[in-house]
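The values are calculated or read from the model by the stated rules, or taken from the named source; none is laboratory data. Fair warning: this is a prediction, and the values are worked out from it, not measured in the lab. Cβ placement follows ideal geometry from the backbone for every residue including glycine, while neighbour counts extend to all protein chains displayed.
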Amino acid sequence: MLCIYPSLSTLRLEVSGIEVTRTGSAFLRNFSNSSDRSELVQRLGKVRPDSQPRWGSMSAHQMVCHLSDSFRAAMAEKYISPASTPFKRTVMKWWALWAPLPWPHGVKTRPEMDQKIGGTPPEDFAVDVEALRELMNRFCAWDKDYAPHATLGPLSRQERMRHAYLHVNHHLRQFGT
């Protein structure tokens, strides 16, 4: 039997009575860890308006606005149409948050998060990057319940912090930082 017990600093797997534990901040990085967050902010500073994506069709500026929209949605400041199913709220949620694999490329986002459809349109790159930094700080200081994720459903604070790290990391990797 396989049992999986994730947390932000430890992943414990039990398979037929044999236990494997992976511990450490490098293993399960998250937004509540200030050094993990600082690393992402430094990497964000390396993104330029003309940075080219390694995959996908988003521009660097659209990516900055997309990430800002994701933080606004988490704090219920932007409506995102739900696309959740029982499979997405269980299996996909676990895989997205705890599987030790990078996220796949090419997963379609919700229309309200797509800068070509209904997402916040890019305006001034420097202003939009600063707005993203401010949203990241507000997100971490948020003391209310987070809004349900459009696909993964309700997330605990721990899960939101993990998701935020993985989402920002995914898009910074997309632009080579």
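Out of the residues in segment 124-177 meeting the condition of being over 23 Å from HIS105 (Cβ atoms) and among the hydroxyl-bearing types (Ser, Thr, Tyr), tell me which one is surrounded by the most Cβ atoms within 10 Å (Cβ to Cβ).
The selected residue is TYR146.
Select, from GLU77, GLU112, GLU14, the only residue that is surrounded by 11 or more Cβ atoms within 10 Å (Cβ to Cβ) and modelled with pLDDT of 95 or more.
Answer to the check: GLU77.
When you scan segment 123-143, do you find a residue that is farther than 16 Å from LEU67 by Cα and assigned to a loop (DSSP other than H, G, I, E, B), even just one?
Looking through segment 123-143, at least one residue is farther than 16 Å from LEU67 by Cα and assigned to a loop (DSSP other than H, G, I, E, B).
Return the residue satisfying two criteria in turn: it lies in segment 97-122 and is within 23 Å of SER34 (Cβ to Cβ) and in a helix (DSSP H, G or I), and of such residues it is farthest from the chain's Cα centre (by Cα).
Out of the qualifying residues, it is TRP98.
Within segment 61-79, can one find any residue that is assigned to a helix (DSSP H, G or I), within 14 Å of HIS149 (Cβ to Cβ) and among the aromatic types (Phe, Trp, Tyr)?
Within segment 61-79 (the criterion being assigned to a helix (DSSP H, G or I), within 14 Å of HIS149 (Cβ to Cβ) and among the aromatic types (Phe, Trp, Tyr)), the answer is yes, since at least one residue qualifies.
Scan segment 43-57 for residues that are surrounded by 12 or more Cβ atoms within 10 Å (Cβ to Cβ), at pLDDT 95 or above and in a loop (DSSP other than H, G, I, E, B) and report the count.
Result for segment 43-57: 5.
Are there any pairs with C-beta distances below 7 angstrom linking a residue in segment 153-177 that is under 13 Å from VAL41 (Cα atoms) to a residue that is among the aromatic types (Phe, Trp, Tyr), with the two at least 6 apart or on different chains, and if so which?
If the second residue must be among the aromatic types (Phe, Trp, Tyr), the pairs left are ALA164/PHE31; ALA164/PHE139; TYR165/PHE31.
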